[in-house]
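Engineer: Have a look at this one.
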Amino acid sequence: MTRTILLALFFLTMLAGCAAKENLIVLDKTADGTVGALQVSTDKGSQVLAESGTAVRIADRDTPPSPPAPITSEESQRLFADALQVHPLMPESFLLYFKLNSNELTDESQKLIATIVAAVQRRQSKDISVIGHTDRLGSDEHNRRLSMERARVIYNLLSAASIAESDMTIIYHGEGNPLVPTADNVAEPRNRRVEVMVR
Amino acid sequence: MNKSLLASLLVLTLALLPFTTTSAAPKSIGKVKGLRGLVSIQRDGKMKPAFPNDLIYQSDVIVTGSDGAIGILLDDNTLISMGPISRVAMDKFAFEPATNEYAMRLKMQHGTFIYQSGLLGKLAPHAVELQTPVGRISMLKEDTSFRAKIAE
(Lines give C-alpha, C1' and ligand atoms only; values in the text may rest on other atoms or scores of the structure.)
Protein backbone atom coordinates (compact mmCIF):
# COMPACT_ATOMS: atom_id res chain seq x y z
CA MET A 1 0.00 0.00 0.00
CA THR A 2 2.67 2.52 1.05
CA ARG A 3 4.62 1.31 -1.95
CA THR A 4 1.79 2.15 -4.35
CA ILE A 5 1.49 5.62 -2.85
CA LEU A 6 5.22 6.15 -3.08
CA LEU A 7 5.21 4.98 -6.67
CA ALA A 8 2.31 7.27 -7.50
CA LEU A 9 4.11 10.17 -5.81
CA PHE A 10 7.24 9.35 -7.78
CA PHE A 11 5.37 9.51 -11.09
CA LEU A 12 3.61 12.70 -10.12
CA THR A 13 6.95 14.32 -9.29
CA MET A 14 8.34 13.14 -12.62
CA LEU A 15 5.38 14.60 -14.46
CA ALA A 16 5.64 17.89 -12.59
CA GLY A 17 9.37 17.92 -13.30
CA CYS A 18 8.82 17.50 -17.03
CA ALA A 19 6.03 20.03 -17.22
CA ALA A 20 8.08 22.58 -15.28
CA LYS A 21 10.71 22.47 -18.02
CA GLU A 22 8.30 22.97 -20.86
CA ASN A 23 7.62 26.69 -20.66
CA LEU A 24 10.60 28.93 -20.42
CA ILE A 25 11.15 32.67 -20.70
CA VAL A 26 14.68 34.04 -20.97
CA LEU A 27 15.65 37.69 -20.77
CA ASP A 28 18.06 38.56 -23.53
CA LYS A 29 20.30 41.46 -24.48
CA THR A 30 19.00 43.57 -27.36
CA ALA A 31 21.09 43.87 -30.53
CA ASP A 32 22.75 47.03 -29.16
CA GLY A 33 23.51 45.41 -25.80
CA THR A 34 20.70 46.93 -23.70
CA VAL A 35 19.09 44.72 -21.06
CA GLY A 36 15.43 45.49 -20.38
CA ALA A 37 13.12 43.98 -17.80
CA LEU A 38 9.88 42.06 -17.88
CA GLN A 39 7.37 40.43 -15.63
CA VAL A 40 5.95 36.96 -16.13
CA SER A 41 2.56 36.35 -14.49
CA THR A 42 0.44 33.26 -14.15
CA ASP A 43 -2.89 33.11 -12.33
CA LYS A 44 -1.04 32.28 -9.12
CA GLY A 45 1.91 34.63 -9.06
CA SER A 46 4.54 36.55 -10.96
CA GLN A 47 8.28 36.97 -11.27
CA VAL A 48 10.44 39.78 -12.61
CA LEU A 49 13.34 39.12 -14.99
CA ALA A 50 15.89 41.93 -15.02
CA GLU A 51 19.22 40.21 -15.70
CA SER A 52 20.17 38.93 -19.13
CA GLY A 53 20.70 35.19 -19.34
CA THR A 54 18.28 34.46 -16.53
CA ALA A 55 15.07 32.53 -17.08
CA VAL A 56 11.80 31.68 -15.39
CA ARG A 57 10.09 28.37 -15.96
CA ILE A 58 6.34 27.89 -15.82
CA ALA A 59 4.58 24.60 -15.27
CA ASP A 60 1.05 25.86 -15.94
CA ARG A 61 -1.35 28.75 -15.27
CA ASP A 62 -2.20 27.47 -11.80
CA THR A 63 1.38 27.48 -10.55
CA PRO A 64 3.53 30.53 -9.82
CA PRO A 65 6.51 30.94 -12.19
CA SER A 66 9.83 29.71 -10.81
CA PRO A 67 12.22 32.34 -9.43
CA PRO A 68 14.70 33.59 -12.08
CA ALA A 69 17.70 31.34 -12.53
CA PRO A 70 20.63 31.52 -14.96
CA ILE A 71 20.44 29.54 -18.17
CA THR A 72 23.62 28.76 -20.08
CA SER A 73 24.02 30.53 -23.40
CA GLU A 74 24.57 27.08 -25.01
CA GLU A 75 21.15 25.89 -23.88
CA SER A 76 19.52 29.12 -24.98
CA GLN A 77 21.27 29.03 -28.39
CA ARG A 78 20.24 25.40 -28.86
CA LEU A 79 16.58 25.97 -27.96
CA PHE A 80 16.23 29.05 -30.16
CA ALA A 81 18.69 28.30 -32.99
CA ASP A 82 16.02 28.18 -35.71
CA ALA A 83 14.32 31.41 -34.70
CA LEU A 84 17.72 33.13 -34.37
CA GLN A 85 18.58 32.27 -37.98
CA VAL A 86 15.62 34.22 -39.35
CA HIS A 87 15.54 37.01 -36.75
CA PRO A 88 15.40 40.32 -38.66
CA LEU A 89 18.05 43.04 -38.33
CA MET A 90 16.93 45.96 -36.23
CA PRO A 91 16.11 48.79 -38.65
CA GLU A 92 18.70 51.55 -38.92
CA SER A 93 17.46 55.01 -38.25
CA PHE A 94 18.78 58.44 -39.19
CA LEU A 95 17.63 61.79 -37.84
CA LEU A 96 17.57 64.93 -39.93
CA TYR A 97 16.90 68.25 -38.19
CA PHE A 98 15.02 71.32 -39.35
CA LYS A 99 15.08 75.03 -38.69
CA LEU A 100 12.38 76.51 -36.45
CA ASN A 101 8.86 76.29 -37.91
CA SER A 102 10.32 75.50 -41.31
CA ASN A 103 10.77 72.67 -43.73
CA GLU A 104 14.36 73.70 -44.37
CA LEU A 105 17.10 71.25 -43.28
CA THR A 106 19.94 72.36 -41.03
CA ASP A 107 23.30 72.39 -42.82
CA GLU A 108 24.71 69.41 -40.89
CA SER A 109 21.66 67.31 -41.67
CA GLN A 110 21.98 68.09 -45.36
CA LYS A 111 25.19 66.03 -45.32
CA LEU A 112 23.40 62.94 -43.89
CA ILE A 113 21.54 62.28 -47.12
CA ALA A 114 24.60 60.58 -48.65
CA THR A 115 25.01 58.41 -45.53
CA ILE A 116 21.37 57.27 -45.79
CA VAL A 117 21.75 56.41 -49.45
CA ALA A 118 24.83 54.32 -48.60
CA ALA A 119 22.92 52.44 -45.87
CA VAL A 120 20.06 51.67 -48.26
CA GLN A 121 22.51 50.28 -50.79
CA ARG A 122 24.45 48.27 -48.19
CA ARG A 123 21.31 46.58 -46.82
CA GLN A 124 19.68 46.40 -50.26
CA SER A 125 16.65 47.77 -48.49
CA LYS A 126 13.36 48.11 -50.30
CA ASP A 127 11.60 49.32 -47.21
CA ILE A 128 12.40 52.89 -46.25
CA SER A 129 10.12 54.96 -44.03
CA VAL A 130 10.38 58.73 -44.01
CA ILE A 131 8.75 59.94 -40.80
CA GLY A 132 8.10 63.63 -40.11
CA HIS A 133 7.95 65.11 -36.61
CA THR A 134 7.69 68.55 -35.03
CA ASP A 135 8.22 70.02 -31.59
CA ARG A 136 5.20 71.03 -29.52
CA LEU A 137 5.20 74.73 -30.40
CA GLY A 138 1.99 75.59 -32.25
CA SER A 139 -1.28 73.72 -32.70
CA ASP A 140 -1.63 69.98 -33.25
CA GLU A 141 -3.13 70.60 -36.67
CA HIS A 142 -0.35 72.95 -37.79
CA ASN A 143 2.27 70.50 -36.58
CA ARG A 144 0.67 67.59 -38.38
CA ARG A 145 0.89 69.52 -41.63
CA LEU A 146 4.43 70.75 -40.94
CA SER A 147 5.59 67.20 -40.14
CA MET A 148 4.13 66.03 -43.45
CA GLU A 149 5.88 68.80 -45.38
CA ARG A 150 9.19 67.96 -43.71
CA ALA A 151 8.83 64.29 -44.61
CA ARG A 152 8.00 65.28 -48.20
CA VAL A 153 11.22 67.36 -48.46
CA ILE A 154 13.35 64.38 -47.42
CA TYR A 155 11.43 62.02 -49.68
CA ASN A 156 12.21 64.30 -52.63
CA LEU A 157 15.89 64.58 -51.68
CA LEU A 158 16.23 60.78 -51.41
CA SER A 159 14.38 60.30 -54.65
CA ALA A 160 16.75 62.75 -56.35
CA ALA A 161 19.62 60.69 -54.89
CA SER A 162 18.37 57.64 -56.84
CA ILE A 163 16.30 55.86 -54.18
CA ALA A 164 13.21 54.37 -55.83
CA GLU A 165 10.01 56.13 -54.77
CA SER A 166 8.22 52.77 -54.68
CA ASP A 167 10.60 51.68 -51.88
CA MET A 168 9.73 54.66 -49.68
CA THR A 169 6.73 55.38 -47.47
CA ILE A 170 5.88 58.77 -46.00
CA ILE A 171 4.54 58.86 -42.45
CA TYR A 172 3.98 61.92 -40.26
CA HIS A 173 3.45 62.05 -36.53
CA GLY A 174 2.99 65.79 -35.92
CA GLU A 175 4.04 66.51 -32.35
CA GLY A 176 2.81 63.12 -31.07
CA ASN A 177 6.13 61.28 -30.96
CA PRO A 178 8.76 63.64 -29.55
CA LEU A 179 12.35 62.52 -29.20
CA VAL A 180 12.64 64.71 -26.09
CA PRO A 181 9.34 64.88 -24.19
CA THR A 182 8.33 68.46 -23.38
CA ALA A 183 5.24 70.32 -22.17
CA ASP A 184 2.93 71.64 -24.87
CA ASN A 185 4.01 74.81 -26.72
CA VAL A 186 7.69 74.34 -25.93
CA ALA A 187 10.21 74.84 -28.73
CA GLU A 188 12.68 71.95 -28.82
CA PRO A 189 15.07 71.76 -31.79
CA ARG A 190 15.72 68.04 -31.22
CA ASN A 191 12.06 67.25 -31.87
CA ARG A 192 12.02 69.18 -35.16
CA ARG A 193 13.09 66.25 -37.24
CA VAL A 194 12.52 63.70 -39.94
CA GLU A 195 13.51 60.17 -39.14
CA VAL A 196 14.53 57.97 -42.02
CA MET A 197 14.17 54.34 -41.11
CA VAL A 198 15.96 51.86 -43.33
CA ARG A 199 14.42 48.44 -42.76
CA MET B 1 -42.44 67.47 -42.75
CA ASN B 2 -39.83 67.40 -40.03
CA LYS B 3 -40.68 63.83 -39.36
CA SER B 4 -40.27 62.77 -42.98
CA LEU B 5 -36.97 64.67 -43.19
CA LEU B 6 -35.73 62.83 -40.14
CA ALA B 7 -36.93 59.56 -41.60
CA SER B 8 -35.14 60.12 -44.88
CA LEU B 9 -31.99 61.15 -43.04
CA LEU B 10 -32.18 57.96 -41.04
CA VAL B 11 -32.60 55.89 -44.18
CA LEU B 12 -29.68 57.68 -45.80
CA THR B 13 -27.48 57.10 -42.75
CA LEU B 14 -28.38 53.45 -42.63
CA ALA B 15 -27.74 53.10 -46.35
CA LEU B 16 -24.30 54.68 -45.99
CA LEU B 17 -23.28 52.68 -42.92
CA PRO B 18 -22.10 49.56 -44.70
CA PHE B 19 -19.90 51.69 -46.95
CA THR B 20 -18.30 53.62 -44.12
CA THR B 21 -17.47 50.41 -42.29
CA THR B 22 -16.09 48.51 -45.26
CA SER B 23 -14.42 51.34 -47.18
CA ALA B 24 -11.33 51.42 -44.92
CA ALA B 25 -8.86 49.16 -46.73
CA PRO B 26 -7.14 46.78 -44.31
CA LYS B 27 -3.82 48.24 -43.28
CA SER B 28 -0.81 45.99 -42.96
CA ILE B 29 0.90 45.85 -39.57
CA GLY B 30 4.22 44.34 -40.54
CA LYS B 31 6.31 42.42 -42.99
CA VAL B 32 7.96 39.01 -43.35
CA LYS B 33 11.72 39.63 -43.26
CA GLY B 34 13.23 36.19 -42.71
CA LEU B 35 11.80 32.87 -43.82
CA ARG B 36 12.83 29.24 -43.93
CA GLY B 37 10.85 26.09 -44.75
CA LEU B 38 7.08 26.00 -44.73
CA VAL B 39 5.23 28.76 -42.91
CA SER B 40 1.50 29.43 -43.28
CA ILE B 41 -0.57 32.50 -42.64
CA GLN B 42 -4.17 31.96 -41.63
CA ARG B 43 -6.23 34.95 -42.77
CA ASP B 44 -10.01 35.27 -43.14
CA GLY B 45 -10.39 31.55 -42.54
CA LYS B 46 -7.95 30.59 -45.31
CA MET B 47 -4.40 29.27 -45.06
CA LYS B 48 -1.76 30.57 -47.44
CA PRO B 49 1.98 29.98 -47.56
CA ALA B 50 4.16 32.89 -46.41
CA PHE B 51 6.86 34.40 -48.62
CA PRO B 52 9.64 36.89 -47.86
CA ASN B 53 8.37 40.50 -47.91
CA ASP B 54 4.73 39.39 -47.51
CA LEU B 55 2.63 41.83 -45.55
CA ILE B 56 1.15 40.82 -42.20
CA TYR B 57 -2.30 42.02 -41.15
CA GLN B 58 -4.15 42.32 -37.88
CA SER B 59 -5.88 39.03 -36.94
CA ASP B 60 -3.40 36.92 -38.92
CA VAL B 61 -2.38 33.66 -37.31
CA ILE B 62 1.10 32.50 -38.29
CA VAL B 63 1.98 28.84 -38.11
CA THR B 64 5.36 27.27 -38.85
CA GLY B 65 5.84 23.71 -40.08
CA SER B 66 8.35 21.22 -38.72
CA ASP B 67 11.14 22.78 -40.82
CA GLY B 68 9.72 26.30 -40.79
CA ALA B 69 10.93 29.53 -39.23
CA ILE B 70 9.86 33.12 -39.76
CA GLY B 71 11.13 36.56 -38.78
CA ILE B 72 8.62 39.41 -38.73
CA LEU B 73 9.19 43.14 -38.48
CA LEU B 74 6.12 45.00 -37.21
CA ASP B 75 5.45 48.61 -38.17
CA ASP B 76 6.66 49.96 -34.82
CA ASN B 77 9.96 47.99 -35.18
CA THR B 78 8.94 45.21 -32.85
CA LEU B 79 10.76 42.08 -34.06
CA ILE B 80 9.23 38.64 -33.60
CA SER B 81 10.76 35.43 -34.83
CA MET B 82 9.52 31.88 -34.44
CA GLY B 83 11.16 28.52 -34.86
CA PRO B 84 9.51 25.27 -36.07
CA ILE B 85 6.04 24.10 -34.95
CA SER B 86 5.14 27.47 -33.54
CA ARG B 87 1.95 29.48 -33.65
CA VAL B 88 1.24 33.13 -32.96
CA ALA B 89 -2.03 35.07 -33.28
CA MET B 90 -1.63 38.75 -34.16
CA ASP B 91 -4.87 39.64 -32.40
CA LYS B 92 -4.53 43.38 -32.31
CA PHE B 93 -2.06 45.97 -33.52
CA ALA B 94 -2.28 49.75 -33.80
CA PHE B 95 0.64 52.12 -34.06
CA GLU B 96 -0.55 55.62 -34.91
CA PRO B 97 1.50 58.22 -33.01
CA ALA B 98 -0.18 61.01 -35.01
CA THR B 99 -3.50 60.15 -33.39
CA ASN B 100 -2.18 58.51 -30.22
CA GLU B 101 -3.54 55.09 -31.07
CA TYR B 102 -1.48 52.31 -29.66
CA ALA B 103 -2.40 48.68 -29.18
CA MET B 104 -0.83 45.30 -29.44
CA ARG B 105 -2.10 41.92 -28.39
CA LEU B 106 -0.12 38.88 -29.46
CA LYS B 107 -0.92 35.36 -28.41
CA MET B 108 2.13 33.16 -28.49
CA GLN B 109 0.29 29.85 -28.50
CA HIS B 110 3.13 27.37 -28.73
CA GLY B 111 6.65 27.00 -30.04
CA THR B 112 9.85 29.01 -29.78
CA PHE B 113 9.88 32.80 -30.00
CA ILE B 114 12.34 35.65 -30.00
CA TYR B 115 10.86 39.03 -29.21
CA GLN B 116 12.47 42.46 -29.32
CA SER B 117 10.28 45.38 -28.31
CA GLY B 118 9.87 48.33 -30.66
CA LEU B 119 8.42 51.82 -30.42
CA LEU B 120 5.17 50.60 -28.87
CA GLY B 121 7.24 49.40 -25.93
CA LYS B 122 8.66 52.91 -25.65
CA LEU B 123 5.59 55.07 -26.34
CA ALA B 124 2.83 52.95 -24.83
CA PRO B 125 4.23 50.03 -22.82
CA HIS B 126 0.84 49.44 -21.17
CA ALA B 127 -0.80 48.94 -24.54
CA VAL B 128 1.37 45.89 -25.18
CA GLU B 129 -0.21 42.58 -24.19
CA LEU B 130 1.76 39.40 -24.72
CA GLN B 131 -0.18 36.31 -23.82
CA THR B 132 0.72 32.66 -23.64
CA PRO B 133 -1.47 29.75 -22.57
CA VAL B 134 0.39 29.63 -19.24
CA GLY B 135 0.50 33.32 -18.42
CA ARG B 136 1.32 36.78 -19.66
CA ILE B 137 4.52 38.71 -20.21
CA SER B 138 4.63 42.43 -19.45
CA MET B 139 7.48 44.77 -20.32
CA LEU B 140 8.86 46.75 -17.40
CA LYS B 141 11.40 48.65 -19.50
CA GLU B 142 11.61 49.87 -23.06
CA ASP B 143 14.10 48.03 -25.29
CA THR B 144 13.44 44.61 -23.86
CA SER B 145 14.31 41.44 -25.67
CA PHE B 146 13.40 37.94 -24.60
CA ARG B 147 13.12 34.37 -25.81
CA ALA B 148 10.19 32.15 -24.94
CA LYS B 149 9.54 28.46 -25.35
CA ILE B 150 5.90 27.55 -24.94
CA ALA B 151 4.83 23.91 -24.80
CA GLU B 152 2.18 22.63 -27.19
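The values are calculated or read from the model by the stated rules, or taken from the named source; none is laboratory data. The model shown is predicted, which means the values in this text are computed figures rather than measured ones. Cβ: placed from backbone, ideal geometry, glycine included. Neighbour counts: every protein chain shown.
Engineer: Please specify each residue of the range A:128-164 satisfying the condition of being of a type in the set (A, V, I, L, M) and in a helix (DSSP H, G or I). So that I can check it myself, show each step before the final result.
Structural biologist: Taking the range A:128-164 as the starting set, the residues that turn out to be of a type in the set (A, V, I, L, M) are A:128, A:130-131, A:137, A:146, A:148, A:151, A:153-154, A:157-158, A:160-161, A:163-164.
Listed by number, the residues that qualify are A:LEU146, A:MET148, A:ALA151, A:VAL153, A:ILE154, A:LEU157, A:LEU158, A:ALA160.
Engineer: Can you list the strands (runs of 3 or more DSSP E) found entirely within the range B:48-152 that contain at least 2 residues being at pLDDT 95 or above and buried (at least 20 other Cβ atoms within 10 Å of the Cβ)? Steps first, answer last, please.
Structural biologist: Values: elements: B:55-57, B:61-64, B:69-74, B:79-82, B:87-96, B:101-116, B:128-132, B:135-139, B:145-150.
Those strands (runs of 3 or more DSSP E) span B:61-64, B:69-74, B:79-82, B:87-96, B:101-116, B:128-132, B:135-139, B:145-150.
Engineer: Now a separate question. Pick out, from the range A:22-100, the strands (runs of 3 or more DSSP E) lying fully within it that include 3 or more residues that are at the interface with chain B (Cβ under 9 Å from one of its Cβ atoms). Lay out the reasoning, then the answer.
Structural biologist: Values: elements: A:23-28, A:38-42, A:45-49, A:54-58, A:92-97.
Once the strands (runs of 3 or more DSSP E) in the range A:22-100 are filtered for at least 3 residues that are at the interface with chain B (Cβ under 9 Å from one of its Cβ atoms), what remains is A:23-28, A:38-42, A:45-49.
Engineer: Restricting to the range B:138-152, count the residues that are over 20 Å from B:GLN109 (Cβ atoms) and touching a strand residue (DSSP E or B) at 6+ places or on another chain (Cβ under 7 Å).
Structural biologist: So the first thing to find is which residues in the range B:138-152 are over 20 Å from B:GLN109 (Cβ atoms), and the list is B:140-145.
Right, trim to touching a strand residue (DSSP E or B) at 6+ places or on another chain (Cβ under 7 Å) and you get B:140, B:144-145.
The qualifying residues number 3.
Engineer: Another one. Please enumerate the residues belonging to the range A:148-171 that are in contact with a helix residue (DSSP H, G or I) (Cβ under 8 Å, 6 or more places away or on another chain) and farther than 13 Å from A:VAL196 by Cβ.
Structural biologist: A:SER162, A:GLU165
Engineer: Check the range A:94-108 and report whether any residue there is within 25 Å of the chain's Cα centre (by Cα), among the small types (Gly, Ala, Ser) and not assigned by TED's automatic domain parsing to the domain that holds A:GLY53.
Structural biologist: Just the residues of the range A:94-108 that are within 25 Å of the chain's Cα centre (by Cα), to begin with: A:94-97.
Going one step further and asking which of them are among the small types (Gly, Ala, Ser), we end up with none.
No, the conditions are met nowhere in the range A:94-108.
Engineer: Would you confirm whether any residue within the range A:113-127 is part of a strand (DSSP E or B), in contact (Cβ under 8 Å) with a residue 60 or more places away in the chain and out of contact with any helix residue (DSSP H, G or I) (no Cβ under 9 Å at 6 or more places or on another chain)?
Structural biologist: If we filter the range A:113-127 for residues that are part of a strand (DSSP E or B), which is where we start, we get none.
No - not one qualifying residue is present in the range A:113-127.
Engineer: Could you list, in sequence order, all residues of the range B:111-152 that are more than 20 Å from B:GLY30 (Cα to Cα) and more than 9 Å from every other protein chain (Cβ to nearest Cβ)?
Structural biologist: B:HIS126
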